[in-house]
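This report concerns only the one structure given below.
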Amino acid sequence: MFWSRKSDAEKPAEPQGEESVAWLWDNEILIEPQNLQVGHFVARMDKRWRDTPFPLEGVMILSEDQRSWFLENCHWLVIDLLRSRNGYRPPRANIPYRRIVRNRTDAENPEAPVNMLRRARLNADTVPESIEGHDLLYRRAGALIDSIQRHGRMDIESARLGIRQIAETLEHNIAAMVWLTRIKDVDQYTAEHCVNVAILSMGLARSLNWKPEEVEQAGLAGLLHDLGKTKLDQDILNKPGRLTPEEQEHVRHHSRLGYEMLKSDETIHPRIRQAVLEHHERPDGKGYPLGRDRSSLHPLGALVSVVDAYDAITSFRPYSAARSHHEALGILWKTRDRQFDAEMVEVLIQFLGWITPGTLVRLTDKDHAVVLQASAEHRLWPIVRKLVPDGEGDGDRYRPGRRIDLAEHNKAHPEKSVRVAEVLPDGALDVDLEDLLRDEAQAAGDIDHD
């Protein structure tokens, strides 16, 4: 929620501005304007900064005139005592306080950011650009991990540039980018997982209508969230069986280790460091390393937590087989509000949808296919490309067959209706999804309806 602009006759109503009381640092206090004093530093309020007379986001109150402006125009403020000259700690405001989504558009609106994947198309422009950006980020993530493990050095700036390149074209390229997150290489899990979490974190942040700089922060937090695992015993990390309590505790150190590695880097925004530290915290307070609950967790940490879990569940790990997109969403849904932030889970499900580009499926006619594009009207009737066993060699390798728009096919042939019968885990079929994606870029629009 947001609170509306203050008036003499109104109490706080439904929010309209861009700013939010989404979280508080330990040094920040949510207060009512009458408790503001000269010498306090105002960090946030229930009004957009661009609609104020102040040139910067954040202001030191140096006069009674400045203080009066906040009394006349705001319902609530957040002051930062570390940045204040006045050390007086006012009482906390008696305002309902919960994590909120900033200015989210109605999910039923097809033009809303959360529905960008449904609108997206694969074409000769988006696919090559997406593959190039994905490969660049993957190489930089791999180089970052290798440099830390070999030399203890980090080149964060190189990774940041890769994130920025993807963020700038994210909405245009989102279909191809999500497709690329479905390509899983068992031997390259760490770098691959970090890149996938970065891409999906940016998609979720954009779906939440976060600002461009916050979308980039989400991407960098996603890329760096497991940085601390480079400092762990790799034999324990890759152990195929159940971990002992001592081994579990060892692995749990990775979030704090990652935070410590980033703490001295002034180029890393504090929100990113905090997200790395908190991405295994839980709303019910049973997470680690600090056992914080929903009232003190930053939304960026909550976002990375949900995306991290989604990609991990849909990937093969030494101790767990990959599960399907549907299974992953079901697990997140069942554990929302306890293990994962409920609102983040709900928006992720809305963003990704019932089925995503690049998803492998089994159809009711027994054929296998890969999803090219979801249908806006019939979720069981996406546009797909059938997969045909190539009949060569000893394995069950598949090659691309014909494209078919199931919605159009079923309208034309109701007696031979075909729909998705099962969503398969990523990697369930031996098919080169990247080559297939490149092929789609060249053949976009050549869809069969018969």
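The values are calculated or read from the model by the stated rules, or taken from the named source; none is laboratory data. Every value quoted in this text rests on a predicted model; they were computed, and no experiment measured them. Every residue, glycine as well, gets a Cβ built from its backbone with ideal geometry; the counts of neighbours run over all protein chains shown. Please note that ligands, DNA and RNA were not included when accessible areas were found on the heavy atoms of the full protein model with its side chains. Shrake-Rupley method; radii C 1.70, N 1.55, O 1.52, S 1.80 Å.
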Counting only residues in region 8-53 that are touching a Pro at 6+ places or on another chain (Cβ under 7 Å) and modelled with pLDDT of 85 or more, the one farthest from Glu72 (Cα to Cα) is identified as Ile29
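Go over the candidates Leu81, Leu77 one by one and state the one that is of a type in the set (A, V, I, L, M, F, W, C), crowded, with 16+ Cβ neighbours inside 10 Å and under 13 Å from Asn27 (Cα atoms). Walk me through how you get there before you give the answer.
Working: Leu77 fails: under 13 Å from Asn27 (Cα atoms).
It is Leu81.
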Of the candidates Asp284, Asp265, the one satisfying the condition of being touching a residue at least 40 places away in the same chain (Cβ under 8 Å), open to solvent by less than 80 Å² (accessible area, probe 1.4 Å), farther than 19 Å from Ala218 by Cα and in a loop (DSSP other than H, G, I, E, B) is Asp284
By residue number, the members of region 209-254 that are crowded, with 17+ Cβ neighbours inside 10 Å and of a type in the set (Ser, Thr, Tyr) are Thr230
Reported set for region 36-79 where residues are in contact (Cβ under 8 Å) with a residue 40 or more places away in the chain, farther than 19 Å from Trp210 by Cα and small (Gly, Ala, Ser) is Gly39
Of the residues in region 287-307 that are in contact (Cβ under 8 Å) with a residue 24 or more places away in the chain and open to solvent by 20 Å² or more (accessible area, probe 1.4 Å), the one that is farthest from His225 (Cα to Cα) is Ser295
With the first residue restricted to region 414-443 and required to be under 18 Å from Ile383 (Cα atoms), and the second required to be open to solvent by 20 Å² or more (accessible area, probe 1.4 Å) and in a helix (DSSP H, G or I), Cβ contacts under 9 Å at 6 or more apart or on different chains are Glu422/His326; Val423/His326; Val423/Glu327; Arg438/Pro128; Ala441/Pro128
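Checking the structure you have, find out if any residue of region 367-385 is farther than 23 Å from Tyr189 by Cα, open to solvent by 10 Å² or more (accessible area, probe 1.4 Å) and without any contact (Cβ under 8 Å) to a residue 12 or more places away in the chain.
Step one: of region 367-385, the residues farther than 23 Å from Tyr189 by Cα are 367-369, 371-385.
Right, trim to open to solvent by 10 Å² or more (accessible area, probe 1.4 Å) and you get 367-368, 372-381, 383, 385.
Retained after the next criterion (residues that are without any contact (Cβ under 8 Å) to a residue 12 or more places away in the chain): none.
Within region 367-385 (the criterion being farther than 23 Å from Tyr189 by Cα, open to solvent by 10 Å² or more (accessible area, probe 1.4 Å) and without any contact (Cβ under 8 Å) to a residue 12 or more places away in the chain), the answer is no, since none of the residues qualifies.
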Subset of region 414-431, residues of a type in the set (D, E, K, R) and open to solvent by 60 Å² or more (accessible area, probe 1.4 Å), comes to Glu415, Lys416, Arg419, Glu422, Asp430
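Would you call Lys263 of a type in the set (Lys, Arg) and within 19 Å of Arg160 (Cβ to Cβ)?
Values: of a type in the set (Lys, Arg): yes; within 19 Å of Arg160 (Cβ to Cβ): yes.
Spelling it out, Lys263 is indeed of a type in the set (Lys, Arg) and within 19 Å of Arg160 (Cβ to Cβ).
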Conditions (1) over 26 Å from Ile236 (Cα atoms); (2) touching a Leu at 6+ places or on another chain (Cβ under 7 Å) -> Tyr259 fails only (1)
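Pick out the one residue from Arg206, Arg160, Arg140, Arg153 that is open to solvent by less than 60 Å² (accessible area, probe 1.4 Å), basic (Lys, Arg) and out of contact with any Lys or Arg (no Cβ under 8 Å at 6 or more places or on another chain).
Numbers: Arg206 fails: open to solvent by less than 60 Å² (accessible area, probe 1.4 Å); Arg140 fails: open to solvent by less than 60 Å² (accessible area, probe 1.4 Å); Arg153 fails: open to solvent by less than 60 Å² (accessible area, probe 1.4 Å).
One residue alone meets the criteria, Arg160.
Tell me yes or no: at least one residue of region 87-95 is at pLDDT below 80 and either surrounded by 15 or more Cβ atoms within 10 Å (Cβ to Cβ) or over 20 Å from the mean Cα position of the chain (by Cα) (or both).
Step one: of region 87-95, the residues at pLDDT below 80 are 94-95.
This time we only want the ones that are either surrounded by 15 or more Cβ atoms within 10 Å (Cβ to Cβ) or over 20 Å from the mean Cα position of the chain (by Cα) (or both), so: 94-95.
Yes, because at least one residue in region 87-95 is at pLDDT below 80 and either surrounded by 15 or more Cβ atoms within 10 Å (Cβ to Cβ) or over 20 Å from the mean Cα position of the chain (by Cα) (or both).
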Note to self: Can you find a residue that is more than 20 Å from the chain's Cα centre (by Cα) and of a type in the set (Phe, Trp, Tyr) anywhere in region 251-262?
What the structure shows: no
